[in-house]
Amino acid sequence: LASRQFKSGNTVVKVNENYVGNGKPVFIAGPCAVESEQQLMVTAEFLASLGVNFLRGGAFKPRTSPYSFQGLGEEGLKILYKAKLATGLSIVSEVVNVEDVEVVAEYCDVLQIGTRNMYNYPLLKKVAKTNKPILLKRGFSATIDEWLLAAEYILSEGNFNVILCERGIRANSKYTRNLLDISAVPIIKELSHLPIIIDPSHAVGVTKYIPPVSKAALAVGSDGLIIEVHPNPEQALSDGQQSLNFEQFKRLYEQFSVEATNK
Ligand code: PEP
Ligand code: MN
């Protein structure tokens with residue numbers, strides 16, 4: 001169902017008033033984790049003032065260490081929803097557990113499946129049944145075919161609102177967190193009708209490399225970018241080293257949103 005043979009035209013995923021995969025790249029931005037109402041609200045207001053349409057923020061965080069900040073849970077979802085009501089931004093947030101699918105779907109517009117859960121088939125089937133748009137990240141060691149089969153788990157439940165997200169794969173790189181597989185974009189475009197976006201933040205893991213890699217992502221035809229932004233990255237409870245501050249994000253957004261609309 002995910003293949004071009006099944007459907008030749010591109011799938012365009014509608015999220016409220018916005019479209020992913022219609023030729024104009026989308027920007028999804030926000031903190032790695034929702035930390036407080038104040039942190040999220042200033043970020044949401046800032047992004048909305050720039051013209052960004054999507055706010056990301058994790059309420060349930062799949063942290064590598066059990067001792068790291070795990071997210072605010074349902075309280076974080078309520079804060080996200082409050083930000084949506086205040087700004088009109090569409091909310092993207094990760095669901096980690098099968099048991100949390102309903103509550104995340106209640107507050108959020110797009111359900112994110114993280115890299116660690118790409119192979120969690122019961123979770124894929126459960127999120128599919130909400131009929132909400134799903135942002136499906138590539139497993140950090142998944143092949144393209146395994147990734148498309150993970151998407152197939154969602155499509156085969158009757159939910160075609162799938163956005164793929166390349167976020168870097170495991171490699172021996174001393175200088176970046178992961179290795180961005182930029183070729184995933186043209187390959188996915190050839191093999192599938194689904195939209196694909198790039199997450200440069202988790203791919204490179206270092207603030208300074210995010211603008212050039214974002215440029216490459218758009219040049220290769222990505223349907224959008226998902227980028228971590230924090231009002232004060234040095235104080236972030238997660239992924240501060242790869243989060244852009246407001247000024248850095250504004251510079252990137254203004255450059256690329258103009259280039260994108262001029263295409
Ligand atoms: C995230 O987007 O916050 C995240 C945890 O990403 P990934 O699953 O790609 O590591
Ligand atoms: Mn993160």
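Dividing the helix sum by the residues of the chain, where each DSSP H run of 4 or more adds -39500 (n - 2.57), gives a mean residue ellipticity at 222 nm of -10500 deg cm²/dmol.
Spherically averaged projected area of the convex hull of Cα atoms, region 106-164: 3.5 nm². In terms of Cα atoms, the Rg and Dmax of region 116-252 work out to 15.3, 43 Å. Annotation: Cα Rg of the chain relative to the compact-globule expectation 2.2 N^0.38 Å equals 0.91. The mean of 1/r over all distinct Cα pairs in region 51-205, once inverted, gives the Kirkwood hydrodynamic radius of 15.9 Å. Kirkwood analysis of region 1-107, using all unique Cα-Cα pairs, places the hydrodynamic radius at 15.1 Å. When all alpha-carbon pairs of region 171-263 are counted, what percent fall beyond 18 Å? Considering region 171-263, 47 percent of its Cα-Cα pairs are separated by more than 18 Å. Springs join every pair of Cα atoms under 10 Å in this Gaussian network model of the chain, and among I154, I163, I182 the largest mean-square fluctuation is at I182. Using 24 Å as the Cα-Cα cut-off, could you pick out the over-long pairs in K174/K215; K24/K174; K189/K215; K78/K215; K61/K215? Check vs 24 Å cut-off fails for K24/K174; K78/K215; K61/K215.
Which parts of region 184-206 would a label at E17 reach, counting a residue when its backbone N lies under 20 Å from a point 7 Å out along Cα-to-Cβ? So the set is empty, nothing qualifies. What spacing in nm lies between the two simple spin-label points modelled at L179 and S68, each 7 Å away from Cα in the Cβ direction? Going by the 7 Å Cα→Cβ label model, 2.2 nm. What's the FRET efficiency of L1 with R170 using the Cβ-Cβ distance as r and R₀ = 35 Å, to the nearest 0.05? With a Förster radius of 35 Å, E is 0.80.
Once the Cα-Cα distance is subtracted from the 0.36 nm per residue extended length, the D145 to E75 segment shows a gain of 21.5 nm. Would you mind getting me the FRET efficiency between E190 and Q38? Use the beta-carbon distance for r and R0 = 35 Å, nearest 0.05. Once the sixth-power term is evaluated, E becomes 0.20. With the simple model of a label 7 Å out from the Cα in the direction of the Cβ, L85 to Q241 spans 3.9 nm.
Each value in this text was obtained by applying a stated rule to the coordinates, not by laboratory testing. In this text, all values refer to a predicted model and were calculated from it rather than measured experimentally. Cβ coordinates were reconstructed from backbone atoms using ideal geometry, including for glycine residues, and neighbour counts include every protein chain displayed.
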